[in-house]
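**Q** Before I ask anything, let me first share the structure, which is written out below as structure tokens.
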Amino acid sequence: MAYKIVLTTDRTMASTYNRNMFFGFSACLPQGVLPDWFYYPVFCPSAPADERGALVYASCGIRKIEAALLKNGFQRDELIVAHPDHLEKLVTSETKILCISANDPLGIGPATSTFVELWGGEGRMAIKLRELLTKTRAIQKYKPKVVLGGPGAWQLAIHPEKRTELGIDCVVMGDGDITAPELFREILRGEPVEPVIQGKIAEDEDISDLAGATIVGLVEATRGCARSCAFCVPSIKKVRSRPLQNILNDVQMNVVHGNNGIILHGEDILLYQSDGLMVNSAAVIELFDRVEHFPGVKWVTASHASFSSALSSPETIRGIAEVLELGTEKHPTKALQIGIETGSPKLIARHMKGKVYPFKPEDWQRVVHDGAQLLHENHWVYAATLIMGLPGEEQEDVQLTIDLVKKLRPFKGMIVPLFFTPMETTRLEYATPFHKTDLTPLHYELLAACWNHNLDWIPELWSTYGRDNNPLLKTVINALIRYGTGPIRRRMLRNARKHGATV
Ligand code: SF4
């Protein structure tokens, strides 16, 4: 069977991550930190493919493009969502378009940049994308037009030399729901395409229901974020909450294909059907309730939330915990990604006033502390990020962040410090990036505080988060935790002291 349009992704995104979505972040670690023989089986085993070579579970982004094409007149037999390992047979002389969804195509996103700065090497996503585009003989031979989109598209928009090197003809930034069908028709008609295109903003009705299952049952509930942090790409997107029935349709698609867990995705799930930035408690609780009780669903969680939304509506957090039966033997806990970014009210006021709304920047330390406590008491675990080196950061700002991290010690979660990386299309796109050489003794103290926090919580987190994993994986991770945390802690503290930190 030959396909005109082949949709795919690099190998690091063609995995169900042993059913642990958080393992997906290990792709941000540079190659070499974990050897391939360990990384791939444990953190990123290959996703299943059907007899054609199609991914059974694909990233939500590529599935949305597939759905948009089908809704806009393309036929099922014209396109395939391909496993990257099967491209040699799926890219043929009939293939006119190779569409790739990429999270971090050049390995210069904030997480990968930080880890590369700290430990050297190159991000796996960049390596695997380069291999895919330059070593797949069928792509070299048949030369389909290569279109790249996804959250990391901005990287190729600002690096034309990399587009040439990788053979990418067109980069689509932002939404692809309307733009991809239009663009693909132009390509099929043989018309020239611009190298960089800003995707048209999709309204609710333009976002199609899934036409296939997603990795770990990720279902888009909202898109965009109105908090408008100056460093963040979603800040420029219009906020849309998908109608409940469409979300349930996507849940159904996942259940049919064997996903019995659902991750509700939004930049802040607590703002589902919100009135501006005010939580619509009834709508959010109903969303979790309906998905949790959907036939065939065994568990539900969410991808992202905010401390501000949580603290502004404690009844919502309690209501969700109740409908998901959190804190019980069945569902001891669930995890969410949340941005802390800084402990400094000054930097909050300067770069992310919206993040703290409806509170004030000067309340930020309390919002984070009380929000973390509220989540902890309701059996939610936070996976939080910090940003070191935000423009205007002074030593007193770093000290405030250290103080905040220490105050969070009683509350179960992980804190990941990242280096500030200016991203194209954000308000800070021309600001100076932060590098390892910019780290001061206080930054090393902050790194140590985060490591200490995480190493203290990892054993308990894994005991609940990993309890349903396969026995081999559990044995491997248990051994790593048992024998690895002590040496890692000692090494980290030695390193911090070597750089002048008081730890
Ligand atoms: S709250 Fe999060 S998603 Fe929203 S703009 Fe800020 S960093 Fe981006």
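The values are calculated or read from the model by the stated rules, or taken from the named source; none is laboratory data. Computed from a predicted model, the values in this text were never measured in an experiment. Every residue, glycine among them, receives a Cβ derived from its backbone with ideal geometry; neighbour counts consider all protein chains shown. The area values use the complete protein model at the heavy-atom level, side chains included, leaving out ligands, DNA and RNA. Shrake-Rupley method; radii C 1.70, N 1.55, O 1.52, S 1.80 Å.
**Q** Between the range 1-31 and the range 486-503, what's the alpha-carbon centroid distance in Å?
**A** The two parts, judged by their Cα centres, are 34 Å apart.
**Q** Treat every Asp and Glu Cβ in the range 92-247 as -1 and every Lys and Arg Cβ as +1, leave all other atoms uncharged, and give the resulting dipole magnitude about the Cα centre to the nearest 20 debye. Don't skip to the end; give the middle numbers.
**A** Numbers: 20 positive and 20 negative charges, 75 e Å.
For the range 92-247, the charge dipole is close to 360 debye.
**Q** Let me ask something else about it. How big is the accessible area of Cys232 in square angstrom, nearest 10, if you roll a 1.4 angstrom probe over the protein chains?
**A** Looks like 40 Å² after rounding.
**Q** Need one word for the range 217-434: rounded, prolate or oblate. Basis is the Cα gyration tensor (sqrt eigenvalues a ≥ b ≥ c); a/c below 1.5 gives rounded, then a/b vs b/c decides. Don't skip to the answer; put the middle values down first.
**A** Numbers: a/c = 2.03, a/b = 1.56, b/c = 1.30.
Since a/c reaches 1.5 and a/b is larger than b/c, the shape of the range 217-434 is classed as prolate.
**Q** Out of the range 320-387, which GluC sites (Glu not before Pro) are coil in DSSP terms and have no more than 11 other C-beta atoms within 10 Å?
**A** Glu329
**Q** Now a separate question. Which loop chymotrypsin sites (Phe, Trp or Tyr not before Pro) in the range 374-416, with loop taken from DSSP, have no more than 14 other Cβ atoms within 10 angstrom of their Cβ? Walk me through the numbers before you get to the answer.
**A** Working: sites: Trp380, Tyr382, Phe411; in loops: Phe411.
Passing both the DSSP loop test and the Cβ count: no residue.
**Q** If you roll a 1.4 angstrom probe over the protein chains with everything in place, what fraction of the accessible area of the range 217-434 belongs to carbon and sulfur, to the nearest %?
**A** Details: 4270 of 8050 Å².
In the range 217-434, the share of accessible area belonging to carbon and sulfur is 53 percent.
**Q** What whole-number value in Å² describes the accessible area per residue of the range 217-434 for a 1.4 Å probe?
**A** Numbers: 8050 Å² over 218 residues.
Value for the range 217-434: 37 Å² per residue.
**Q** Right, another one. Find the relative contact order for the chain and round it to a whole percent, using C-alpha pairs within less than 8 Å whose residues are 6+ positions apart.
**A** Details: 969 pairs, mean separation 58.6, N = 503.
So the answer I get is 12 percent.
**Q** Restricting the count to DSSP beta bridges whose residues both fall in the chain, what percent are antiparallel, rounded to a multiple of 5?
**A** Values: 7 of 51 bridges.
About 15 percent, rounded to the nearest 5.
**Q** Here's a follow-up. With +1 on each Lys and Arg Cβ and -1 on each Asp and Glu Cβ, and nothing else charged, work out how big the dipole of the range 423-464 is about its Cα centre, in Debye to the nearest 20.
**A** Working: 2 positive and 6 negative charges, 17 e Å.
That gives the range 423-464 a dipole magnitude of about 80 debye.
**Q** If I model a spin label as a point 7 Å beyond the Cα along the Cα-Cβ vector, how far apart are those points for Lys406 and Thr328 in nm?
**A** Using points 7 Å along Cα→Cβ, the separation is 4.1 nm.
**Q** Where in the chain is the longest stretch that carries no trypsin sites (Lys or Arg not before Pro) classed as loop by DSSP and with at most 11 other Cβ atoms within 10 Å?
**A** 1-188
**Q** Further question on the same structure: Amide H neighbours of Cys232 under 5 Å, at least 5 residues apart or on other chains, H built in the peptide plane: list them.
**A** It is Arg427, by chain and number.
**Q** Please list Tyr142, Tyr357 from largest to smallest accessible area, probe radius 1.4 Å, with all protein chains kept in place.
**A** On the way: Tyr142 85, Tyr357 105 Å².
Descending order: Tyr357, Tyr142.
**Q** Take every DSSP beta bridge with both residues inside the range 5-198 and express the antiparallel ones as a percent of the total, to the nearest 5. Numbers along the way, then the final one.
**A** Numbers: 4 of 23 bridges.
For the range 5-198, the DSSP antiparallel bridge percentage is about 15.
**Q** Going from most exposed to least, what order do Glu394, Glu117 have by accessible area with a 1.4 Å probe? Can you show the working numbers first?
**A** Values: Glu394 95, Glu117 60 Å².
Heavy-atom accessible area, descending, gives Glu394, Glu117.
**Q** Turning to a different aspect of this structure: Under a cut-off of 17 Å between alpha-carbon atoms, report the lysines in cross-link reach of Lys141, not counting same-chain residues fewer than 8 places apart.
**A** Leaving aside lysines fewer than 8 places away in the same chain, those within reach of Lys141 are Lys4, Lys89, Lys96.
**Q** Still on this structure: Considering only Gly107, Asn478, His453, whose Cα is most displaced toward the positive end of the charge dipole of the chain, charges sitting on Cβ of Lys, Arg (+1) and Asp, Glu (-1)?
**A** Asn478
**Q** So which lysines pass the test for Lys353, namely a Cα distance under 29 Å, with those fewer than 8 places away in the same chain ruled out?
**A** The reachable lysines, counting only those whose Cα sits under 29 Å from Lys353, are Lys200, Lys237, Lys238, Lys334, Lys406, Lys407, Lys412, Lys436.
**Q** Same structure again: Non-local amide H neighbours of Ala54 (under 5 Å, H modeled in plane, Pro and chain starts lacking H): which ones?
**A** His83
**Q** Given R₀ = 41 Å, FRET efficiency for Asn260-Trp119 by Cβ-Cβ distance, to 0.05?
**A** Values: r = 36 Å, r/R0 = 0.89.
FRET efficiency, Asn260 to Trp119: 0.65.
**Q** Determine the dipole magnitude for the range 5-198: charges of +1 sit on the beta-carbon of Lys and Arg, -1 on that of Asp and Glu, nothing else is charged, the reference point is the Cα centre, and the result goes in debye to the nearest 20. If you can, show how the numbers build up before the last one.
**A** Working: 21 positive and 23 negative charges, 57 e Å.
Taking the Cα centre of the range 5-198 as origin, the dipole is about 280 debye.
**Q** Where the centroid of each part is defined by its Cα atoms, how far is the range 360-424 from the range 58-95 in Å?
**A** Between the Cα centre of the range 360-424 and that of the range 58-95, the gap is 40 Å.
**Q** Enumerate by residue number the chymotrypsin sites (Phe, Trp or Tyr not before Pro) in the range 2-77 meeting two conditions: DSSP loop (anything except H, G, I, E, B), and at most 15 other Cβ atoms within 10 Å of the site's Cβ. Spell out each step's value before the answer.
**A** Working: sites: Tyr3, Tyr17, Phe22, Phe23, Phe25, Trp37, Phe38, Tyr39, Phe43, Tyr57, Phe74; in loops: Tyr3, Phe74.
For chymotrypsin sites (Phe, Trp or Tyr not before Pro) across the range 2-77 that sit outside H, G, I, E and B with at most 15 neighbouring Cβ atoms in 10 Å, the list is empty.
**Q** Still on this model: Residue by residue through the range 91-106, which ³J(HN,Hα) values in whole Hz follow from phi under the Karplus form 6.51 cos²θ - 1.76 cosθ + 1.60 (θ = phi - 60°), with glycine and proline marked x?
**A** 8, 10, 5, 7, 6, 9, 9, 10, 10, 10, 9, 9, 8, 8, x, 10
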